[in-house]
1. Tally up the residues in the range 130-153 that are out of contact with any Lys or Arg (no Cβ under 9 Å at 6 or more places or on another chain) and under 17 Å from residue 92 (Cα atoms), please.
2. Please count how many residues of the range 125-165 are out of contact with any helix residue (DSSP H, G or I) (no Cβ under 9 Å at 6 or more places or on another chain), surrounded by 15 or more Cβ atoms within 10 Å (Cβ to Cβ) and either β-branched (Val, Ile, Thr) or farther than 23 Å from residue 79 by Cβ (or both).
3. Tell me, which strands (runs of 3 or more DSSP E) wholly within the range 1-93 include 3 or more residues that are of a type outside the set (Asp, Glu) and open to solvent by 30 Å² or more (accessible area, probe 1.4 Å)?
4. Let me confirm something: among 83, 60, 66, which residue is in contact with a Gly (Cβ under 7 Å, 6 or more places away or on another chain), over 24 Å from residue 151 (Cβ atoms) and among the hydrophobic types (A, V, I, L, M, F, W, C)?
Amino acid sequence: DSYIISTENKFVTTEVKPAKFAKKGEAYIIDFGKAAFATMDFNYDAKTPHTLTVHVGEMVNDDGSVNRATPKKSNIRYQEIKVDVKPGQTKYQIKVHEDERNTRANKAVPLPNGFPPLVPFRYAEIEGAQNDLKAEDFTQLAFHTYWDEEASSFESNNDILNQVWDLCKYSIKATTFN
């Protein structure tokens with residue numbers, strides 16, 4: 001009786017808080033736990049006008065910084081985004097650069113109307129902060145089609161097989177837009 005054959009085709013923005021947050025030298029490193037097609041909101045109370053440099057990407061270096069030189073012939077993404085901050089404004093959203101790989105005719109799935117430009121990323125690195133930053137001030141906004149986490153399940157006594165299941169299930173969720 002409670003089985004649903006289909007759900008309405010609606011879109012969801014999932015707010016993801018950092019799984020890990022650390023200061024490394026003058027930069028702050030954020031790990032959101034999983035990659036998502038996303039943008040990022042953050043709170044910042046600037047005392048003077050200045051520019052933050054935000055690096056977002058799918059890969060980190062051995063020292064934890066966001067990898068800025070992704071492998072050639074890969075689809076691993078990285079972007080550097082400048083955010084001008086000023087006194088009196090505390091809420092910001094990074095402005096992701098449009099990427100032609102996301103808009104190729106007959107090659108890329110078009111994003112639904114109303115979605116901002118998105119980039120897949122798990123990691124963020126913030127440079128240029130003149131105040132201390134806190135994890136709770138950052139939110140990854142992951143965009144996807146409605147997803148019912150309870151619609152399927154799998155569990156075995158094989159940890160690797162369970163990880164493969166989790167990866168496959170999350171990959172479908174993270175990459176479905178229609």
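1. The qualifying residues number 3.
2. Residues in the range 125-165 being out of contact with any helix residue (DSSP H, G or I) (no Cβ under 9 Å at 6 or more places or on another chain), surrounded by 15 or more Cβ atoms within 10 Å (Cβ to Cβ) and either β-branched (Val, Ile, Thr) or farther than 23 Å from residue 79 by Cβ (or both): 3 in total.
3. On the way: elements: 11-16, 20-24, 27-43, 50-57, 78-85, 91-93.
Per the criteria, 11-16, 20-24, 27-43.
4. Numbers: 83 fails: in contact with a Gly (Cβ under 7 Å, 6 or more places away or on another chain); 60 fails: in contact with a Gly (Cβ under 7 Å, 6 or more places away or on another chain).
Exactly one of 83, 60, 66 is in contact with a Gly (Cβ under 7 Å, 6 or more places away or on another chain), over 24 Å from residue 151 (Cβ atoms) and among the hydrophobic types (A, V, I, L, M, F, W, C), namely 66.
To keep it simple, each residue is scored yes or no on (1) hydrophobic (A, V, I, L, M, F, W, C); (2) at pLDDT below 95.
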residue: 128; (1), (2): no, no
residue: 140; (1), (2): no, no
residue: 143; (1), (2): yes, yes
residue: 146; (1), (2): no, yes
residue: 150; (1), (2): no, yes
residue: 164; (1), (2): yes, yes
residue: 171; (1), (2): no, yes
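The values are calculated or read from the model by the stated rules, or taken from the named source; none is laboratory data. Computed from a predicted model, the values in this text were never measured in an experiment. Cβ atoms come from the backbone with ideal geometry, glycine included; neighbour counts cover every protein chain shown. Just the protein is used for accessible areas: all its heavy atoms, side chains included, with ligands, DNA and RNA removed. Shrake-Rupley method; radii C 1.70, N 1.55, O 1.52, S 1.80 Å.
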